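S.K.: My questions all concern the structure below.
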Amino acid sequence: MGKITVTECECDGMVIEGLKVIEPTVFGDARGYFVETYHAADFKEAGIDVTFVQDNQSGSRRGVLRGLHFQKEYPQDKLVRVVSGEVFDVAVDLRPGSKTYGKWYGVILSAENKKQFFVPKNFAHGFLVLSEMAEFAYKCTDFYHPNDEGGLIWNDPDIGVKWPIPEGMELIFSEKDQKWPGIKSLL
């Protein structure tokens, strides 16, 4: 029905291979809107030829920072989007031998802009909720394995994510997200 627009992501003037922002076509009229959030043929044509096996959704309040997470032995490609609210979404390249290893990219995802973010395998991923509440939905190419989870501390100076933290925002973390090591621990 509709096509998608795909943008390659860059950090420091270098394209981070495989990491993509997707803008679906939105059909709107006086009644509201319609959007195809996933169409396998359109994604394949855009170079995203994966099979998703699990859909997840979370709800979080303003200031919640989830991440930076990854699966070690069972890495997942993810297609993420926001159903309600707004988040700043981040991916960090952890692919051994990648010319952009340790580089990050961030994008605002919101119910309003309907953008999606394709995060390939072997990237750390996280997000910060900017709205009062946000519902975050994502598709994965492998199942979640609780004993396989890895993570990096959100404010690792060796990665240098520039989180858009509004003045006065109190950050909220899970206990484990406050204890992850930095990227140097992976070397």
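The values are calculated or read from the model by the stated rules, or taken from the named source; none is laboratory data. In this text, all values refer to a predicted model and were calculated from it rather than measured experimentally. Neighbour counts are summed over all protein chains in view; Cβ atoms, including those assigned to glycine, are modelled from backbone coordinates with ideal geometry. Remember, those area values only see protein heavy atoms, side chains included, never the ligands or the DNA or RNA. Shrake-Rupley method; radii C 1.70, N 1.55, O 1.52, S 1.80 Å.
S.K.: When the helices in the chain are scored as -39500 (n - 2.57) per DSSP H run of 4 or longer and the sum is shared across all residues, what 222 nm value do you end up with, to the nearest 500 deg cm²/dmol?
M.R.: -500 deg cm²/dmol
S.K.: Could you pull out every residue, at least 5 positions away or on a different chain, whose amide H is within less than 5 Å of the one on residue 54? Hs are placed 1.01 Å off N in the peptide plane, and Pro or chain starts have none.
M.R.: Counting only residues 5 or more places away or on other chains, the set is 140.
S.K.: When volume of the Cα convex hull per residue in Å³ is calculated directly from the model, which label among (1) 309; (2) 107; (3) 132 fits?
M.R.: Identified label for the calculated read-out: (3).
S.K.: Can you send over the carbon and sulfur percentage of the accessible area for the chain, probe radius 1.4 Å, protein chains only?
M.R.: Of all accessible area on the chain, carbon and sulfur atoms account for 49 percent.
S.K.: Round to the nearest 10 and report in Å² the accessible area of residue 145, as given by a 1.4 Å probe over the protein chains' heavy atoms.
M.R.: Result for residue 145: roughly 60 Å² accessible.
S.K.: With every protein chain present, what is the per residue accessible area of segment 55-165 (1.4 Å probe, Å²)?
M.R.: Numbers: 4770 Å² over 111 residues.
Solvent-accessible surface per residue comes out at 43 Å².
S.K.: Based on Cβ point charges of +1 for Lys and Arg and -1 for Asp and Glu, what charge dipole magnitude is obtained for the chain about its Cα centre, in debye rounded to the nearest 20?
M.R.: 120
S.K.: Which whole-number percent gives the relative contact order of segment 63-178, counting Cα pairs below 8 Å spaced six or more residues apart?
M.R.: Reported as a whole number, the value is 41 percent.
S.K.: Continuing with the same structure: If the cut-off is 23 Å between C-alpha atoms, which lysines fall inside it for residue 115, apart from same-chain ones fewer than 8 positions away?
M.R.: Straight-line reach from residue 115, under 23 Å: 3, 20, 44, 78, 103, 139, 162.
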